[in-house]
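Remarks on the structure that follows.
We did not get these values from a lab; they are worked out from the coordinates using the rules stated. Keep in mind that what you see is a predicted model, and the values were worked out from it rather than measured. So basically every Cβ, Gly included, is an ideal-geometry build from the backbone, and we count neighbours across all protein chains shown.
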Amino acid sequence: MYIPILVDLFLRDLTKLEAEISLYNDEKKLWAVGGSITNSAGNLTLHICGNLQHFIGAIIGKSGYVRNRDLEFSAKNIMRGDLLMELAKTKAIVETTLKNMHDEDLSQIYPVEKAGKEMNTAYMLNHLYGHLQYHLGQINYHRRLLGE
């Protein structure tokens, strides 16, 4: 019963992220930083994708994805189309992985500790959803701050 809710929420907000990235009129501003803003919308998008493809796709779904977290923050000037393709790939792996789960799986211990803490899979998926929402909000604010 809870799995379809998670699928819906993750896909809804990843679709919102696609819309945010598409709303930048000047593609170069996806990579703008300044003042105390040190993470661009482009890097936050790469980070969201890497995070979900790793913690949902690779850990739960055994997708084989290998994360390069440093690159999520160091890569620059990737074309919007490539970011959107990475988002589409992320949506597909999240949807496939979650739809292959059963509600009973949610009570299982998540295979990787987070911040030295053991947790069940439901807790981890809720944590990942909160992480997605947090960065989605940052990207929305970034875009509006730049007048996009």
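Side notes on the structure shown:
- Structure-derived Kirkwood radius over Cα pairs in Å: which label, when the choices are [x] 15.8; [y] 17.9; [z] 20.1: [x]
- Simple Cβ-charge dipole of the chain, Lys/Arg +1 and Asp/Glu -1, about Cα centre, in debye nearest 20: 320 debye
- Whichever aspartates and glutamates have a C-alpha closer than 15 Å to that of Lys16, once near sequence neighbours (fewer than 8 apart) are set aside: Asp8, Glu86
- The local environment of Ile56, defined by Cβ-Cβ distances under 14 Å, has a net charge of +3 under the rule Lys, Arg +1 and Asp, Glu -1.
- Packing rank of 101-114, 51-64, where each peptide gets the mean count of other beta carbons within 10 Å, highest leading: 51-64, 101-114
- Computed extension length for Asp105-Lys89: 3.4 nm, one decimal, from 0.36 nm per residue of separation with the Cα-Cα distance subtracted.
- Straight Cα distances below 18 angstrom link Lys99 to the lysines Lys62, Lys89, Lys91, with same-chain residues fewer than 8 positions distant left out.
- The stretch between Asp26 and Gln138 holds 38.5 nm of extra length on full extension. This uses 0.36 nm per residue minus the Cα-Cα distance.
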